[in-house]
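J.: Got a structure for you, questions after.
Nothing in this text is a laboratory measurement; each read-out follows from the coordinates by a stated rule. Treat the numbers as computed from the prediction; the structure is a model and nothing was measured. As a convention, Cβ positions derive from the backbone with ideal geometry for all residues, glycine included, and neighbour counts pool all protein chains shown.
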Amino acid sequence: MMPEYKISIESQTDSKQFDFVDKQLYQFNVSKIGDYEYTPLFILLRDSEKKVVGGLEGFIGLGWFHIGTLWIAEELRGYGYGKALLLAAEQEAVNRGCLHAYLFTYSFQAPEFYQHLGYDVFGELEDFPPGHRRFFLKKSLQNNS
């Protein structure tokens, strides 16, 4: 006879429980693809007083570079700083062995910016959030080196 299991919906959980679940998935993944690690990548844009006025945050793993955040202060947009940060991050990703990059962006952000720099849309969610779209983009970095 199969034991009885119950699903519990929890707004908060003990971090040990989440760590346990995360570790179990990691071990399963390792059994299929081998050991792997994600490493963070941070690139900052600073003014003459060393104040952060832009930045890019992402992580590298499994031959891919994920761009999580790219932000430039509003008054500096349109001067090429976003492109410079992205290209510097891509080059660093290539230096660390990445072959590809990917990201998610919204229709009210800058999908055209990424497309202009060689990213291709491979997925799209309509009404996410309602009235907008979420785009999934990728780029081969093999020609960047």
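J.: Among the residues of the stretch 87-110, which ones are surrounded by 13 or more Cβ atoms within 10 Å (Cβ to Cβ) and part of a helix (DSSP H, G or I)?
T.: Result: Leu87, Ala88, Ala89, Glu90, Gln91, Glu92, Ala93, Val94.
J.: Could you identify the single residue in Gly58, Gly54 that is in contact with a His (Cβ under 8 Å, 6 or more places away or on another chain) and under 30 Å from Ser140 (Cα atoms)?
T.: Numbers: Gly54 fails: in contact with a His (Cβ under 8 Å, 6 or more places away or on another chain).
On inspection, the qualifying residue turns out to be Gly58.
J.: Still on this model: With more than 22 Å from Ile43 (Cβ to Cβ) and free of Cβ contacts under 8 Å to residues at least 40 places away in the same chain as the only criterion, which of Glu126, Glu75 stands out?
T.: On the way: Glu75 fails: more than 22 Å from Ile43 (Cβ to Cβ).
The conditions single out Glu126.
J.: Search the stretch 38-67 for residues that are farther than 22 Å from Phe104 by Cβ and pair each with any residue that is not aliphatic (A, V, I, L, M) when their beta-carbon atoms are under 7 Å apart and the residues are at least 6 apart or on different chains.
T.: Val52/Arg46; Val53/Arg46; Val53/Asp47
J.: Applying the selection to the stretch 118-145, what residues are under 22 Å from Gly61 (Cβ atoms) and not in a strand (DSSP E or B)?
T.: Selection gives Gly118, Tyr119, Leu141, Gln142, Asn143, Asn144, Ser145.
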